[in-house]
Amino acid sequence: MKKKIGLMCLLLLLGARGVWAQGGDNPVVVRTALVQEEVIADPVEALGTARAWEYVSVRATETERIARIAFASGQWVKAGDVLVELDHAEESAELDGARASLARYRRDAERLRGLVSKKLATAEQLDAAETLVAETRARAAMLEARINDRIIRAPFAGQLGLRNVSVGGLVSPSEEITTLQDVSRLKVDFTVPERRLPQLAPGMEVRAHSRAHPGRDFRGEVLLVDPRVDAQTRAATVRARFDNPEGLLRPGMLLAVEVVSNPRSALTIPESALLPVADQQWVFVLESSGDGYVAQRRAVQLGRRYTGKVEVLSGLSAGQQVVTRGGLKIRDGQPVTPEVAEDAAAAVGQS
């Protein structure tokens with residue numbers, strides 16, 4: 001019985017060797033890809049919220065009736081443009097009286113100044129007249145300030161929001177007249193774990209994507225990394241700036257942001273080319289052999305992994321072909337036939 005089992009094992013072993021030898025003689029069809037040299041980075045990814053570069057809620061400083069509205073909802077305005085004018089008839093009348101009194105007091109002071117020079121009036125009389133001029137000038141300036149408080153202007157250039165008031169309505173400081181925001185640029189705040197903070201610095205490039213504009217890549221830069229780390233979340237807030245000349249991004253939008261950290265030129269290959277054995281990573285590289293190719297196994301040292309590809313630190317050169325499919329069917333030195341684009345095959349042939 002033992003002899004029969006031993007004979008069967010021997011026959012199976014000889015048959016397997018014959019099959020392997022036959023596979024080694026015939027090239028195995030494999031799929032390959034080129035080792036590419038490209039610029040990569042260590043991205044720091046997060047979700048951020050867009051905010052207007054400047055934002056203000058337009059409100060009155062006094063409780064007063066609205067006399068004039070000089071804007072429409074959604075209108076673009078310049079800094080200093082009049083938005084709303086509150087009723088200031090009483091203040092205007094008082095200002096006219098103060099200006100008339102100021103003109104008269106100035107004439108009186110000028111006349112007394114001439115009389116003092118002729119010693120027909122005392123210096124005390126001139127001082128009293130000049131004091132009256134100063135007091136009246138101050139009162140006129142106060143009335144002008146009160147009138148200016150009732151004329152609401154745009155503090156900066158931007159786009160107005162919805163109009164929430166009407167002419168003739170009584171408005172108070174607690175009521176929002178409209179909003180004004182500068183959306184030519186945007187601030188985007190996002191949080192980053194403390195372990196990633198050493199990778200960030202002001203001036204770094206930031207890329208953002210929005211579901212409202214699929215496929216569109218928005219570029220910005222890091223403005224500031226908050227020096228304080230939140231004790232609860234162990235994360236810090238990062239603020240980035242994005243120019244928004246087309247107005248595609250709007251305040252409140254959720255953006256997927258990616259900070260481009262440590263950009264560098266590196267070699268990359270598809271992840272499907274890797275053949276892990278214990279703690280070592282291997283790949284099969286195509287080498288020219290006569291009229292065809294053979295697969296040579298190479299140990300590689302890897303860097304960062306990305307979606308579908310991996311950085312190669314050592315073991316390969318740009319332009320080489322690596323096996324991405326069929327690597328489990330071949331051995332070191334195995335003749336292979338690559339399924340590869342003509343330009344890639346030509347590049348390997350020239351090498």
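Name the residues in the stretch 38-61 that are surrounded by 14 or more Cβ atoms within 10 Å (Cβ to Cβ) and of a type in the set (Asp, Glu), would you?
The answer is 42, 54.
Just one of 229, 206, 222, 283 is more than 26 Å from residue 158 (Cβ to Cβ), in contact with a Gly (Cβ under 9 Å, 6 or more places away or on another chain), at pLDDT 90 or above and of a type in the set (A, V, I, L, M, F, W, C); which is it? Spell out the reasoning first.
Working: 229 fails: in contact with a Gly (Cβ under 9 Å, 6 or more places away or on another chain); 206 fails: more than 26 Å from residue 158 (Cβ to Cβ); 222 fails: more than 26 Å from residue 158 (Cβ to Cβ).
Answer to the selection: 283.
Within the stretch 84-91, identify whether any single residue is among the small types (Gly, Ala, Ser) and surrounded by 13 or more Cβ atoms within 10 Å (Cβ to Cβ), and answer yes or no. It would help to see each step written out before you state the result.
Looking only at the stretch 84-91, we keep the residues that are among the small types (Gly, Ala, Ser), and these are 89.
Filter once more, so that each one left must be surrounded by 13 or more Cβ atoms within 10 Å (Cβ to Cβ): none.
Taking every residue of the stretch 84-91 in turn, none turns out to be among the small types (Gly, Ala, Ser) and surrounded by 13 or more Cβ atoms within 10 Å (Cβ to Cβ).
Yes or no: the stretch 65-72 includes at least one residue that is without any contact (Cβ under 8 Å) to a residue 60 or more places away in the chain, of a type outside the set (Phe, Trp, Tyr) and either more than 30 Å from residue 259 (Cβ to Cβ) or crowded, with 17+ Cβ neighbours inside 10 Å (or both). Step through it out loud before you land on a result.
Quick first cut of the stretch 65-72, residues without any contact (Cβ under 8 Å) to a residue 60 or more places away in the chain only: 70.
So of that shortlist, the ones also of a type outside the set (Phe, Trp, Tyr) come out as 70.
Remaining after also requiring either more than 30 Å from residue 259 (Cβ to Cβ) or crowded, with 17+ Cβ neighbours inside 10 Å (or both): 70.
Yes; the residues of the stretch 65-72 include at least one that is without any contact (Cβ under 8 Å) to a residue 60 or more places away in the chain, of a type outside the set (Phe, Trp, Tyr) and either more than 30 Å from residue 259 (Cβ to Cβ) or crowded, with 17+ Cβ neighbours inside 10 Å (or both).
Identify all residues within the stretch 32-84 that are in contact with a helix residue (DSSP H, G or I) (Cβ under 7 Å, 6 or more places away or on another chain) and part of a loop (DSSP other than H, G, I, E, B); write none if there are none.
Taking the stretch 32-84 as the starting set, the residues that turn out to be in contact with a helix residue (DSSP H, G or I) (Cβ under 7 Å, 6 or more places away or on another chain) are 33-34, 42, 44, 61-62.
Matches in the stretch 32-84: 42, 61, 62.
Would you confirm, using the coordinates I've provided, whether residue 290 is surrounded by 15 or more Cβ atoms within 10 Å (Cβ to Cβ) and at pLDDT below 90? Before the answer, list the steps.
Details: surrounded by 15 or more Cβ atoms within 10 Å (Cβ to Cβ): no; at pLDDT below 90: yes.
Judged against the criteria, residue 290 is not a match.
Restricted to the stretch 253-266, and to residues that are closer than 30 Å to residue 301 by Cα and surrounded by 14 or more Cβ atoms within 10 Å (Cβ to Cβ), which residue is farthest from the chain's Cα centre (by Cα)? Before you say what the answer is, go through the steps one by one.
If we filter the stretch 253-266 for residues that are closer than 30 Å to residue 301 by Cα, which is where we start, we get 257-266.
Still in the running and surrounded by 14 or more Cβ atoms within 10 Å (Cβ to Cβ): 257-261, 266.
Numbers: 257: 6, 258: 8, 259: 8, 260: 11, 261: 14, 266: 25 Å.
So, considering only residues that are closer than 30 Å to residue 301 by Cα and surrounded by 14 or more Cβ atoms within 10 Å (Cβ to Cβ), the one farthest from the chain's Cα centre (by Cα) is 266.
Yes or no: the stretch 193-200 includes at least one residue that is closer than 30 Å to residue 59 by Cβ and under 16 Å from the mean Cα position of the chain (by Cα). Outline the logic, then answer.
So in the stretch 193-200, the residues closer than 30 Å to residue 59 by Cβ come out as none.
The answer is no; no qualifying residue exists.
If the Cβ limit is 8 Å and pairs must be 6+ apart or interchain, which residue in the stretch 309-337 that is part of a loop (DSSP other than H, G, I, E, B) pairs with which residue that is among the polar types (S, T, N, Q)?
Note: pairs meeting the criteria are 315/301; 318/36; 319/351; 320/351; 332/296; 333/296.
Tell me, which residue of the stretch 169-219 that is among the small types (Gly, Ala, Ser), surrounded by fewer than 17 Cβ atoms within 10 Å (Cβ to Cβ) and in contact (Cβ under 8 Å) with a residue 24 or more places away in the chain is nearest to residue 243 (Cα to Cα)?
Quick first cut of the stretch 169-219, residues among the small types (Gly, Ala, Ser) only: 169, 172, 174, 184, 201, 203, 208, 210, 212, 215.
Still in the list and also surrounded by fewer than 17 Cβ atoms within 10 Å (Cβ to Cβ): 169, 172, 174, 184, 201, 203, 210, 212, 215.
This time we only want the ones that are in contact (Cβ under 8 Å) with a residue 24 or more places away in the chain, so: 169, 172, 174, 184, 201, 210, 212.
Values: 169: 38, 172: 36, 174: 33, 184: 6, 201: 19, 210: 15, 212: 17 Å.
Filtering the stretch 169-219 for residues that are among the small types (Gly, Ala, Ser), surrounded by fewer than 17 Cβ atoms within 10 Å (Cβ to Cβ) and in contact (Cβ under 8 Å) with a residue 24 or more places away in the chain, the one nearest to residue 243 (Cα to Cα) comes out as 184.
Quick one: which strands (runs of 3 or more DSSP E) sit completely within the stretch 154-218 and have at least 3 residues that are farther than 14 Å from residue 45 by Cα? If you could, list the steps in order and put the result at the bottom.
On the way: elements: 158-160, 176-193, 205-209.
Qualifying strands (runs of 3 or more DSSP E): 158-160, 176-193.
For residue 144, all conditions in the list (1) more than 30 Å from residue 179 (Cα to Cα); (2) within 52 Å of the chain's Cα centre (by Cα); (3) surrounded by 13 or more Cβ atoms within 10 Å (Cβ to Cβ) hold save one; what is the number of the exception?
That leaves (1) as the condition not met.
Which ones in the stretch 92-127 are of a type in the set (Gly, Ala, Ser), assigned to a helix (DSSP H, G or I) and surrounded by 13 or more Cβ atoms within 10 Å (Cβ to Cβ)? Give the steps one after another, and end with the answer.
Restricting attention to the stretch 92-127, the residues satisfying the condition of being of a type in the set (Gly, Ala, Ser) are 92-93, 97-98, 100-101, 103, 109, 114, 117, 121, 123.
When the remaining residues are screened for being assigned to a helix (DSSP H, G or I), the result is 92-93, 97-98, 100-101, 103, 109, 114, 117, 123.
Residues satisfying the conditions are 92, 97, 98, 101, 109.
Does the stretch 144-151 contain at least one residue that is under 30 Å from residue 261 (Cβ atoms), in contact with a strand residue (DSSP E or B) (Cβ under 9 Å, 6 or more places away or on another chain) and among the charged types (D, E, K, R)? Spell out the reasoning first.
As a first pass, look at the stretch 144-151 and keep what is under 30 Å from residue 261 (Cβ atoms): none.
No, every residue in the stretch 144-151 fails to be under 30 Å from residue 261 (Cβ atoms), in contact with a strand residue (DSSP E or B) (Cβ under 9 Å, 6 or more places away or on another chain) and among the charged types (D, E, K, R).
Let me confirm something: among 250, 297, 304, 239, which residue is part of a loop (DSSP other than H, G, I, E, B) and either surrounded by fewer than 19 Cβ atoms within 10 Å (Cβ to Cβ) or among the hydroxyl-bearing types (Ser, Thr, Tyr) (or both)? Even if it seems obvious, please write down each step before you answer.
Working: 297 fails: part of a loop (DSSP other than H, G, I, E, B); 304 fails: part of a loop (DSSP other than H, G, I, E, B); 239 fails: part of a loop (DSSP other than H, G, I, E, B).
Exactly one residue qualifies, and that residue is 250.
The values are calculated or read from the model by the stated rules, or taken from the named source; none is laboratory data. This is a predicted model, so every value here is computed, not measured. Glycine gets a Cβ as well: all are built from the backbone with ideal geometry, and neighbour counts include every protein chain shown.
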